[in-house]
Structures are given as C-alpha cells and as structure tokens.
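The values are calculated or read from the model by the stated rules, or taken from the named source; none is laboratory data. Since the structure is predicted, the reported quantities are computational estimates derived from the model, not experimental observations. Note that we place each Cβ from the backbone using ideal geometry, even for glycine, and neighbour counts take in every protein chain shown. Each accessible area value is taken on the protein alone, full model and side chains, heavy atoms only, with ligands, DNA and RNA left out. Shrake-Rupley method; radii C 1.70, N 1.55, O 1.52, S 1.80 Å.
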Amino acid sequence: MTESIALLGYGRFGRALSGLLLVAGIPHRVFEPRQDDVPDALRAPTLAESVEGAGLVVLSMPVSGMRSVLEELRPRLSPAQTVLDVGSVKVRPVQVLASVLGRDIPWVGTHPLFGPASLARGDLPRRTVVCPNELHPEAVRKARVLFERIGCEVTELSPDAHDALMVRTHVLTFFLAHGLLKAEAGKDLPFAPPSFQPVARLEEYARLEVPHLFGVVQSENPYARDARVRLLEALTQLHLGCDSGRSGAPEPVAAPPGLTEVRECVDALDRELVQLLNRRAQLIQQAAHLKAEHGLPLPDAEREASLLETRRQWAAEQGMDADDTEDVFRAVLRFSRRAVPTGSR
C-alpha cells in the first residue's frame, strides 16, 4: 500500500515534485499558504491537516524556514511518520532535523538533483542523493523507495560529502555564472565563435534557471566561502600574470617590522592546536570503543547538533561570528571521525 505524502511547499520544486507524484499515482496533500495556484484537490487548509495520516512529510521550503516549521509540527508528528527535506545543501538541514526531531521522529536528508527546467527538457538519468542516518535507517529506506518510484537513481552520501561535492558543481558554477552575468558576458554578441557558446549558456543558466538557488548554495553550504576564496585567488594570479606577461605570482614584498615575531607566535599557537586536536581524536577513539560495546550509533547526529549549537553560544559570548565558529567545529568533527578505526564505526 502506498503511503500518503504531506508536501509542505509549492514553489518551483514543490510544484515539480507534485507533478511527479501525480504521474506515479502517489497520493499527497499540499500545504502552501503563500501560493494561490495549488489545485483544490491537493490543497490542505492547515499545516496540521496536511500531515494528519501522512506516512511521509516532505519539507519543500527554504532552509531558513525549516526550523520554525519543524518546531510547529513536532507535537503533531508520531514515530510512525518520516520527515525528509529536499534542500540543495545538506549539512545545515540535517543538523536542524536532528536537533528538532532527534531519535523520536524518523527523519532523513535528501537532495533531488533535478528541477523544473531539467524535467521540461527530459534530462536523464534523474538522480537523487539520500544521506545515511544511523539513528533512522528505515527512514533512509523509505526515502529511497519514494525517489525510485518517481524514476530516480539514488546515491547515498553523508551531508559533509554532499556539500563538499556541491562546492565543485553548484557553488562555483553558480558563482561564475552570476559573475559572467554581471560582466555582461555573452550579451548581444552576434559574431561569437562556436567555442564561446558554453560561456553564453552558462550566463543564460544563471539568468533564467537558477537565480532562486544562488543565495541558498552560497550562504548555506559550509564549504562555499572557502571555495570562492580559492577561486578568486586563482583568478587574481591569472590576472596579475596577464598584466605582467608572466604566469607566476608578483614579487614578494619584504615583511614589515614586527610581522616576523607575530608569525612566530601564530606558528606556536598552531602547534598547540595540533596537539589539542590529537588529544581530542584520542578521546573520540575512546568514545567510539565504548559506543561499539553498547551498540550506540557513531557518529551521533543528535549529539553533534547539540555540540555545534553549544559552540555557537560560546562564540557569541566571546563576540565571535557563530557561523564561522560552527564551520571550524564541523571541520574538527570530520577530523575526529577519520581518526576512528573503521571497525569501531
């Protein structure tokens, strides 16, 4: 028997997903208070009514709005239901799902790698990423079944692996595309050679198909900023090389007085940080051994979400940027996971 679905959101992707569900014969109801074009046969008048009796609850909404909706939904959800999101980033949505729903309500993060434009073109294969979840493996299975029913090839990736991969596709591609758009590349060029067409298509892609995604992947992907910085540094080197007729970097500038001493202090502090990371990795290995003995999950998404929230609070108390601090501790968590022997995971 096919489970009914509550589809929360009827924007560009929600509308496209609803169409696929209809074609597959999967019953669903839609809650979308901001849109007037939801068909009457699908519309749920309230959030509570949309999830009543639904086996799957699909969050098709901006990442920024997920927490408030989940907190409103939480008292109305039961362990028999499964919640999944369809966002273009995965680290932050999975953290929100873990912190609000935890162990009590099954949840899973997913990213369908298609949209209205690719569906209209008939692009195949149609792919979806589903994030493994040791707390709720049955939720992962249900997500796979759903996306396979609507014609998708399903790949499993951790949230970190997903977002790191998306940096090399969505983040940098969208960034370049919007840069080309601002520079008016490809605009009104009737004599552009065929070799220029990929650039023109990229500019058109940014202008017509992905403006709604640009802000999301740039602001919500924890790897995005570093990737943009690396790209800009590489472009700067190319620019300087073009100006000087060389491909290398400009001549180094002598360090001002006092800078050498500051750098030595930074090096000493970094050595201490490396020693602290080693101590932390040893503690995580001990924790992994204890968890393995008692059958507890590693990594523990709920524990990690709580840990990151606490570090954000500590950063705020010190007048530091909470988002940047969270990014640092996400890197620390990845480092610690890699220190755990495979057999202990």
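For this structure, a couple of remarks:
- Put simply, of LEU180, LEU157 the only residue that is closer than 13 Å to ARG207 by Cβ and either in contact with a helix residue (DSSP H, G or I) (Cβ under 6 Å, 6 or more places away or on another chain) or surrounded by fewer than 19 Cβ atoms within 10 Å (Cβ to Cβ) (or both) is LEU180.
- Summed over the range 74-99, the residues that are surrounded by fewer than 20 Cβ atoms within 10 Å (Cβ to Cβ) and closer than 19 Å to ALA305 by Cα give a count of 2.
- Looking across the range 99-131, the residues that are among the basic types (Lys, Arg) and out of contact with any strand residue (DSSP E or B) (no Cβ under 6 Å at 6 or more places or on another chain) come down to ARG103, ARG121.
- Members of the range 302-324 that are acidic (Asp, Glu) and open to solvent by 70 Å² or more (accessible area, probe 1.4 Å): GLU309, GLU317, ASP321, ASP323, ASP324
- In the range 273-294, the residues that are open to solvent by 100 Å² or more (accessible area, probe 1.4 Å) and under 20 Å from ALA331 (Cα atoms): GLN275, ARG279, LEU283, GLN286
- Across the range 136-149, not a single residue is classified as modelled with pLDDT under 95, open to solvent by less than 30 Å² (accessible area, probe 1.4 Å), within 21 Å of the chain's Cα centre (by Cα) and not assigned by TED's automatic domain parsing to the domain that holds GLU304.
- The single condition among (1) in contact (Cβ under 8 Å) with a residue 60 or more places away in the chain; (2) in a loop (DSSP other than H, G, I, E, B); (3) within 25 Å of the chain's Cα centre (by Cα) that GLY19 does not meet is (2).
- Once the range 48-73 is narrowed to residues that are touching a Lys or Arg at 6+ places or on another chain (Cβ under 7 Å) and assigned to a helix (DSSP H, G or I), the residue that is most open to solvent (accessible area, probe 1.4 Å) is ALA48.
- Single match in LEU298, LEU308 (criterion: assigned to a loop (DSSP other than H, G, I, E, B), on the phi < 0 side of the Ramachandran plot and in contact (Cβ under 8 Å) with a residue 60 or more places away in the chain): LEU298
- Among residues of the range 123-150 that are closer than 14 Å to ARG103 by Cα, those with a beta-carbon under 7 Å from a residue that is of a type in the set (D, E, K, R) and surrounded by 13 or more Cβ atoms within 10 Å (Cβ to Cβ) at least six positions away or on a different chain give the pairs LEU135/ARG103; LEU135/GLU302.
- Hits in the range 108-131 - residues which are under 19 Å from the mean Cα position of the chain (by Cα), modelled with pLDDT under 95 and surrounded by fewer than 17 Cβ atoms within 10 Å (Cβ to Cβ): none
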